[in-house]
Each structure stands twice: as C-alpha cells, then as structure tokens.
1. Could you calculate the contour length gain from GLN376 to ASN518, that is, 0.36 nm times the residue separation minus the distance between their Cα atoms, to one decimal place in nm?
2. Can you compute the FRET efficiency between ASP146 and ALA243 using 1/(1 + (r/R0)^6), with r the Cβ-Cβ distance and R0 = 45 Å? Round to the nearest 0.05.
3. For the range 121-173 and the range 82-96, compute the distance between their C-alpha centroids and round to whole Å.
4. Roughly what would the spin-label model give for ALA478 and ALA250, points 7 Å off Cα along C-beta, in nm?
5. For GLU155 and ASP457, calculate 0.36 nm times their separation in residues minus their Cα-Cα distance, and state this gained length in nm to one decimal.
6. With θ taken as phi - 60° and the coefficients 6.51, -1.76 and 1.60, list the Karplus ³J(HN,Hα) couplings across the range 173-186 in order, rounded to whole Hz; mark glycine and proline as x.
7. In what sequence do HIS153, HIS141, HIS446 fall when counting other Cβ within 10 Å, fewest first?
8. Please list, in chain and number order, the residues 5+ apart from LEU70 or on another chain whose amide H is under 5 Å from its amide H, with Hs placed from the backbone.
Amino acid sequence: MRQRLILFVFLVSLAGFAFVPARTSAQQSCESLTSLQIPNATVTSATAIDPPPDLSIPLPPSPIGPASNLAIANSFCRVDAFSTPTSDSHINFELWLPVAARWNGKFEAVGNGGFIGQIGYGALSAALNRGYATASTDTGHASGNDESWALGHPEKLIDWAYRAVHEMTVDSKLIVAAYYGKPAKLAYWNGCSTGGKQGLTEAQRYPADFDGIVAGAPANYITHLQAGGVYTSWARLKDGDNAPNFIPPAKFPYLHKAVLDACDSKDGVTDGIIADPRRCNFDPKTIQCPGADEATCLTAAQVKTVQLIYAGAKYNDGKQIFPGFEPGSELLWAPVNAPPVTTSIGVGFFRYMVFDNPNWDFASLDVDRDTRTADQKLGSIVNAIDPDLKAFQQHGGKMIMYHGWADQAIQPENSINYYSSVEAAMGGPQETQEFLRLFLVPGMTHCQGGAGPNSFDALTMLERWRENNTAPDKIIAAHSTGGVIDNSRPLCPYPQAAIYKGSGNTTDAGNYTCGNPNW
C-alpha cells in the first residue's frame with residue numbers, strides 16, 4: 001500500500017513540476033523539495049549549497065570523535081527530512097543531491113556504527129564526491145552510543161533494527177526522482193559494522209531496495225555478538241582490575257609478539273601479519289611466567305583468561321554462541337575490554353533492550369541463560385541471519401562482504417559462518433559466488449586500520465560486478481605509512497587466500513596469486 005501511495009505522489013509531483021518553466025539546471029529546484037508530499041515523511045529543509053573552495057560544514061561531536069568541520073568541494077542540494085512510520089517514530093535522515101551535471105544517475109545509502117544515532121557526514125561526503133545522490137539516517141534516535149533510548153520504546157528499537165534504513169531508502173528514492181525528474185537507475189548500500197548488518201538486513205527483509213550491497217564486518221548476529229562481548233569483559237574483569245585473572249594492557253604487546261613468532265611465517269612470508277588465524281596453533285602457556293609475575297609473561301590465571309578470550313562464549317553444552325578473538329588481534333584487546341565495562345555497548349544492550357533494567361550488572365552474566373533470553377525476546381527483531389537470499393539474487397542484486405582477520409570488535413568467523421549458511425541455503429559455493437563474495441583481510445582491524453593492507457575500494461568492484469557483470473576475482477588492498485603506500489596485497493574471494501609466488505618483493509601485490517592454500 002505504501003509503495004502505491006508513493007508512486008501516486010511521485011506521479012502527481014512530476015505532473016506539478018511539468019508546468020514549471022524550463023530551468024537552466026536542476027539545482028535551481030532544490031528549495032521546492034520542501035513542498036513534496038510523502039506518506040509518513042516530511043522534508044523540513046532543502047538548501048542549495050554552492051561552496052567556495054574553503055566551505056566547511058560543522059559536525060556535532062559523536063561517541064567516536066569531537067566536533068569538527070567537514071570540507072565540501074562540490075555543489076549540492078542538502079535535504080533534511082524525517083519519517084514517522086509509527087506514533088513513537090522520528091527517523092531523521094539527510095539526502096545530499098549533487099547538481100545534475102555531476103550526478104552519476106545512481107543512489108548510494110551509507111551505514112551507521114554501533115547504536116549511534118547520528119548522520120554519517122563523512123560517508124555522505126565521500127559518496128557525493130563520486131557523483132552519487134546519497135543518504136544517511138540517525139536510525140530513529142538522535143542520541144549517541146547510549147542505548148537508554150530503547151528503554152520503554154519498542155518501536156524505536158524496531159526503527160534501529162531495520163525500519164529506519166528502509167524508510168529512508170524509499171523516501172530518498174522519491175525525492176531523488178522529483179529533484180532530477182527521473183529515478184535513480186541503480187541503488188547501492190555501503191556500510192561497515194552496524195552498517196554491514198544494515199546491508200544484510202536489507203537483502204533479507206527488503207531485497208528490492210538495493211541493487212548492490214557492500215557489507216563490511218557485519219554485526220548481523222546482534223544477540224550473540226553482544227552476549228559474546230559481555231562474556232569477554234566478564235572473563236577479564238568480573239573480579240575487578242586487581243584480580244589475578246586481569247591482564248594489564250602493557251602485557252598485550254608481549255602476547256602479540258609471541259603469537260607472531262608462532263604463526264606469522266605459516267603462509268611463507270614473515271611480515272607481521274597472520275594470513276589465516278584459524279591455522280595458528282598458538283598456546284598462551286608458552287609465555288607463562290616460570291615463577292613470580294613479571295611484565296613480559298603471563299601468570300597462570302592470565303593464561304586462563306587468554307584461553308577464554310580465544311575460545312569465545314559458549315553454551316553450557318559447549319556449542320559456540322559467538323566466535324572468540326582471533327590470534328593476531330591482541331594489540332587492541334585492552335581498549336575493547338578496559339574498565340569501566342558498565343559503559344560498553346554490550347552491557348547497554350542487556351540493560352536497556354533485553355532486561356529493561358538500567359541497574360543490570362555485567363558481573364551477574366550467565367552467558368547460556370542470558371543469550372537464550374535475548375534470542376527469545378529480540379532475535380527476530382535485531383538479528384540479520386536469514387541465509388535465504390533468493391529474492392535479492394532474483395532482483396539482480398550483488399553483494400560484497402569483507403572482514404578484517406584482526407578485528408577487535410566483531411570476530412571474522414561470524415562472517416564466515418553466515419557466508420557458509422548462505423552457501424547451504426543457495427545451493428552451494430558456485431551458486432553463491434554468482435551474487436555474493438566474501439573477502440577476508442589479513443591484519444586489518446575493525447573496518448579499517450591494522451598492520452596489513454587495509455585500504456581498498458569495494459564499491460568500485462561492486463559497481464563493475466553489478467553494471468558490467470565483471471565478478472571480483474580479487475581486490476587490491478594497500479597499507480600506507482605517512483601517506484606513502486608501503487605494502488599491497490590481493491584480497492581473494494573466500495575460501496581462497498593470497499599465496500606468495502615465491503619470488504619478488506613480498507610487499508607487492510603482483511607477486512601473489514589467489515588460490516586455495518595448503519599452509
């Protein structure tokens with residue numbers, strides 16, 4: 001019904017525009033977008049921005065950074081709008097529309113991180129620079145990474161989980177068509193972390209929304225991800241940071257070095273990167289202190305903590321709830337699990353979404369019981385684990401997933417598990433790779449950064465795949481220091497990996513081939 005209403009409104013809108021005298025550019029109609037009538041949505045402002053070379057847009061502070069300024073180089077129409085699909089919904093979104101001469105004819109929506117209720121201005125700017133009409137939403141709560149907004153607001157939780165992105169997408173497509181006088185020829189999604197989860201959610205729930213999806217490090221198994229995250233904190237900190245099992249942050253570099261010493265060279269290249277941590281058989285007991293506690297070794301209690309973190313959360317019967325951290329990710333364990341745990345995203349999830357109790361204490365965690373409670377109450381709302389992507393495939397959709405092997409926030413085996421489930425549901429590896437490919441990035445941390453080559457252009461590869469039917473058999477990634485590229489490597493579609501040819505500079509992607517390793 002909503003789609004029919006939107007089509008009717010769109011046709012009426014175009015009819016209205018047809019009587020307007022010819023314009024020299026579509027940009028001149030920017031302000032008129034405030035008069036659009038959209039079911040359950042309102043355009044609050046539409047401002048033509050024709051920037052001088054030094055124009056910058058002030059950005060508010062966020063949980064991941066202070067207030068700043070975003071440099072803007074291209075002229076565009078900045079649209080502010082909100083959607084109200086329920087009486088308790090207020091989904092803010094921004095849509096940036098490049099002038100007609102710079103529009104590539106396509107639409108790109110960009111994702112969010114964590115539970116952050118904020119527009120992704122940096123991602124909007126990047127999409128605008130590529131010529132896209134582009135949109136971002138606050139997912140229905142204009143607040144930071146504090147999950148207290150969900151307490152007593154089940155509709156807002158649904159907005160965050162899946163409805164906000166869909167509403168933004170439908171409304172934005174209507175505005176795009178009205179502004180340019182024709183609809184976008186293709187729509188792409190681009191996001192990492194929660195943004196990756198949002199991409200998978202769209203493919204599963206609204207398969208016709210997007211023609212191509214980039215889903216990085218997807219947080220798609222929310223109930224188990226948050227249970228696993230709280231479990232890791234519980235393992236390290238349940239008895240306080242003075243307890244025997246607590247590992248001081250200064251010890252993690254020694255642990256990481258020991259892991260590299262044991263596993264770095266397994267792929268035939270010693271470069272400070274573990275190509276596939278699943279093939280690493282490191283035992284933390286090898287650096288257990290022979291006597292008293294010392295700065296460069298682990299006590300027996302600390303060894304046990306490391307073992308728990310590698311193992312990950314499990315049910316009482318031993319079945320995995322969520323994968324543990326991979327060998328090679330140790331340098332960033334401390335920031336993820338440092339006190340105070342009470343501010344962590346996982347604790348907020350259980351407090352405000354699962355138990356509706358702001359005083360819930362993570363030290364009381366029973367990971368078996370509490371995961372089952374989360375699944376029963378919220379699994380069907382917040383998770384994006386459905387492997388049946390037939391409707392997305394039949395729509396002509398293509399998807400690139402990627403995940404860093406050294407991810408310190410969402411363990412990469414979660415992506416492997418989901419990808420494998422899609423293979424089982426879609427008929428096997430060959431059938432799946434016709435529309436979905438997963439790329440694992442050695443040495444990369446959460447979404448970006450890390451010791452390995454971690455800068456790459458997945459969106460361009462997706463465009464070529466969807467628009468020219470050129471499937472990505474590899475993606476070239478680079479690592480830079482001080483703005484200078486010092487290492488490159490091909491990323492290969494899972495289960496392949498980059499294999500050194502045996503000669504030439506090991507920092508040159510040209511000296512590697514994609515294949516099935518026998519390390």
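1. Values: separation 142, 0.36 × 142 = 51.12 nm, distance 4.12 nm.
Fully extending the segment from GLN376 to ASN518 adds 47.0 nm.
2. Values: r = 28 Å, r/R0 = 0.61.
Result of the calculation: an efficiency of 0.95.
3. Cα centroid to Cα centroid, the span is 8 Å.
4. Reported label-point gap for ALA478 and ALA250 is 3.9 nm.
5. Numbers: separation 302, 0.36 × 302 = 108.72 nm, distance 3.56 nm.
Here the answer is 105.2 nm.
6. Coupling constants for the range 173-186: 4, 5, 5, 4, 5, 5, 5, 8, x, 6, x, 5, 6, 8 Hz.
7. Details: HIS153 17, HIS141 25, HIS446 21.
Going from sparsest to densest Cβ surroundings: HIS153, HIS446, HIS141.
8. Answer set, sorted by chain and number: ILE57, LEU59.
Read-outs throughout are calculated quantities, based only on the coordinates presented, and are distinct from any laboratory measurement. Everything quoted here is computed from the prediction, not taken from an experiment. Positions of Cβ are generated from backbone atoms using ideal geometry, with glycine treated the same way; all protein chains shown enter the neighbour counts.
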